[in-house]
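Novice: Have a look at this one.
The values are calculated or read from the model by the stated rules, or taken from the named source; none is laboratory data. In this text the structure is predicted, and so the values were computed from the model without any measurement. When we count neighbours, we look across all protein chains shown, and the Cβ atoms used for this are built from the backbone with ideal geometry, even at glycine.
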Amino acid sequence: MPSLRAHVFRVPADGPDDVAGVEALFASGLQANNVVAVLGKTEGNGCVNDFTRGYATRSFETLFSRYGVDGVSIIMSGGTEGALSPHWTVFARETVETPGERALAIGVSRTPALPPEHLGRREQILLVAEGVKSAMRDAGIDDPADVHFVQIKCPLLTSRRIAEAEAAGRTVATHDTLKSMGLSRGASALGVAVALGEIDATSIGDADICTRFDLFSRCASSSSGVELTDHEIIVLGMSAKWSGPLSIDHAVMRDAIDAHSVRKARERLPENSRLAAVLAKAEPDPSGRIGGRRHTMLDDSDIAGTRHARAFVGGVLASIFGITDLYVSGGAEHQGPPGGGPVAIIVEKEQ
């Protein structure tokens, strides 16, 4: 009986428009129409005005259009502080004649556009929850326990979007465009938690978003950007409907120096396997302390705390895995416990 097989490629990038490495994959045999998602780290500031994300997205849209392919989920996260390396992670899938044997499963979906007045509010949570369920169906994952990572690209508020909403007589959750990034990430993460049954939707209200950090998902990773108004969703997990050498597991870091949990997750995966990708969230602990000691990430008026956190957690993970092309996204509101976050590890077993 046929099954689906996933492929994951980690490709270095010399800049946000450098798609040559991915085009080389196509030249070597990867079918462009088998690509379902590209997850990228670009070298901008990761804030509201980080247009490297849009530049990279447009570069990939142009590349895929040359091959007559559309509908690929292109999710870009800005910020490669410290020694993080700009790169792309390409996810592809194909139908094979091999029977299913439980392997990495990939599902994608997109939500309708989010009205600005719904950003950072309950409506966004429910919209994302439906999108995650759709991506799970696309992946052939029936049990939420088999989901190990949910990557979401979500919108933010700009001055123009705020003005348009208010001109129509509607109110927005905030007038601070930078704060809107956190509200959008937080609401999206809570949507993941609702979809996976981690939180009951009836227990969450608008006021809980980015305030009640006891509510979180153990699998959510959300990144906001100016380049879209909807949500792009990638679900990664394990399914018996898939075959092949790839496997995934995840850890939830309790704080930014919790290397132990990450190592334990790696130990649960096949021992003789090649590292395919590491995907992680990072944030400055809102308590102002890590391991009982004071940190100053939240007090820096020059550099956003999310940028400090990406660099810090990137260093911790690089010391574990020995690579710097790690997908570390900043801003982990409701994505793991306060100051911590999920880390997904994808490996390829030796054939």
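Novice: Which condition number does Lys264 fail, the rest of (1) closer than 18 Å to Gly340 by Cβ; (2) in contact with a helix residue (DSSP H, G or I) (Cβ under 9 Å, 6 or more places away or on another chain) being met?
Specialist: Answer for Lys264: the failing condition is (2).
Novice: Would you call Gly54 more than 21 Å from Leu4 (Cβ to Cβ), assigned by TED's automatic domain parsing to the domain that holds Gln31, in contact (Cβ under 8 Å) with a residue 60 or more places away in the chain and assigned to a loop (DSSP other than H, G, I, E, B)?
Specialist: On the way: more than 21 Å from Leu4 (Cβ to Cβ): yes; assigned by TED's automatic domain parsing to the domain that holds Gln31: yes; in contact (Cβ under 8 Å) with a residue 60 or more places away in the chain: yes; assigned to a loop (DSSP other than H, G, I, E, B): no.
Spelling it out, it is not the case that Gly54 is more than 21 Å from Leu4 (Cβ to Cβ), assigned by TED's automatic domain parsing to the domain that holds Gln31, in contact (Cβ under 8 Å) with a residue 60 or more places away in the chain and assigned to a loop (DSSP other than H, G, I, E, B).
Novice: Here's something else I'd like to know. Quick test for you: out of Ser59, Ser73, pick the one residue that is crowded, with 16+ Cβ neighbours inside 10 Å, within 22 Å of Val235 (Cβ to Cβ) and not assigned by TED's automatic domain parsing to the domain that holds Glu283. Before you say what the answer is, go through the steps one by one.
Specialist: On the way: Ser59 fails: within 22 Å of Val235 (Cβ to Cβ).
None of the others qualify; the one that does is Ser73.
Novice: Given the options Asp142, Asp176, name the one that is closer than 27 Å to Ser239 by Cα and either polar (S, T, N, Q) or surrounded by fewer than 22 Cβ atoms within 10 Å (Cβ to Cβ) (or both). Lay out the reasoning, then the answer.
Specialist: On the way: Asp176 fails: closer than 27 Å to Ser239 by Cα.
Answer to the selection: Asp142.
Novice: Residues of the range 197-206 being out of contact with any Lys or Arg (no Cβ under 8 Å at 6 or more places or on another chain) and either free of Cβ contacts under 8 Å to residues at least 40 places away in the same chain or not in a helix (DSSP H, G or I) (or both), which ones? So that I can check it myself, show each step before the final result.
Specialist: The first filter runs over the range 197-206 and keeps only residues out of contact with any Lys or Arg (no Cβ under 8 Å at 6 or more places or on another chain), leaving 197, 199-203.
Scanning the range 197-206 gives Gly197, Ile199, Asp200, Thr202, Ser203.
Novice: Quick one: which of Arg274, Arg268, Arg294, Arg263 is free of Cβ contacts under 8 Å to residues at least 12 places away in the same chain and over 20 Å from Gly40 (Cβ atoms)?
Specialist: Numbers: Arg274 fails: free of Cβ contacts under 8 Å to residues at least 12 places away in the same chain; Arg268 fails: free of Cβ contacts under 8 Å to residues at least 12 places away in the same chain; Arg263 fails: free of Cβ contacts under 8 Å to residues at least 12 places away in the same chain.
Every option except Arg294 fails the conditions.
Novice: Say we look at the range 179-193 and pick out the residues that are over 12 Å from Pro116 (Cα atoms) and of a type in the set (Gly, Ala, Ser); which of these is surrounded by the fewest Cβ atoms within 10 Å (Cβ to Cβ)?
Specialist: Ranking the qualifying residues of the range 179-193, first place goes to Gly182.
Novice: When the residues of the range 27-43 are filtered to those that are closer than 26 Å to Leu84 by Cβ and not β-branched (Val, Ile, Thr), which remaining residue is nearest to the chain's Cα centre (by Cα)?
Specialist: Residues of the range 27-43 closer than 26 Å to Leu84 by Cβ: 30, 35-43.
Add one more test, that the residue is not β-branched (Val, Ile, Thr), and what stays is 30, 37, 39-41, 43.
On the way: Leu30: 23, Ala37: 11, Leu39: 8, Gly40: 10, Lys41: 10, Glu43: 16 Å.
Ranking the qualifying residues of the range 27-43, first place goes to Leu39.
Novice: Sort out which residues of the range 198-222 are small (Gly, Ala, Ser) and crowded, with 21+ Cβ neighbours inside 10 Å, and write them in order of number.
Specialist: Step one: filter the range 198-222 for residues small (Gly, Ala, Ser), giving 201, 203, 205, 207, 217, 220-222.
Hits for the range 198-222 are Ser217, Ala220, Ser221, Ser222.
Novice: Same structure again: Just a yes or no: is a residue in the range 210-219 β-branched (Val, Ile, Thr), in contact with a Leu (Cβ under 7 Å, 6 or more places away or on another chain) and modelled with pLDDT of 95 or more? Reasoning before the result, please.
Specialist: Narrowing the range 210-219 to residues β-branched (Val, Ile, Thr): 211.
Those still in the list that are in contact with a Leu (Cβ under 7 Å, 6 or more places away or on another chain) too: none.
The answer is no, given that none of the residues of the range 210-219 is β-branched (Val, Ile, Thr), in contact with a Leu (Cβ under 7 Å, 6 or more places away or on another chain) and modelled with pLDDT of 95 or more.
Novice: Name the pairs whose Cβ atoms lie under 7 Å apart, with the first residue in the range 67-89 and farther than 23 Å from Ala139 by Cβ and touching a residue at least 40 places away in the same chain (Cβ under 8 Å), the second of a type in the set (A, V, I, L, M, F, W, C) and part of a strand (DSSP E or B), and 6 or more positions between them or separate chains?
Specialist: Note: pairs meeting the criteria are Leu84/Val328; His87/Val11.
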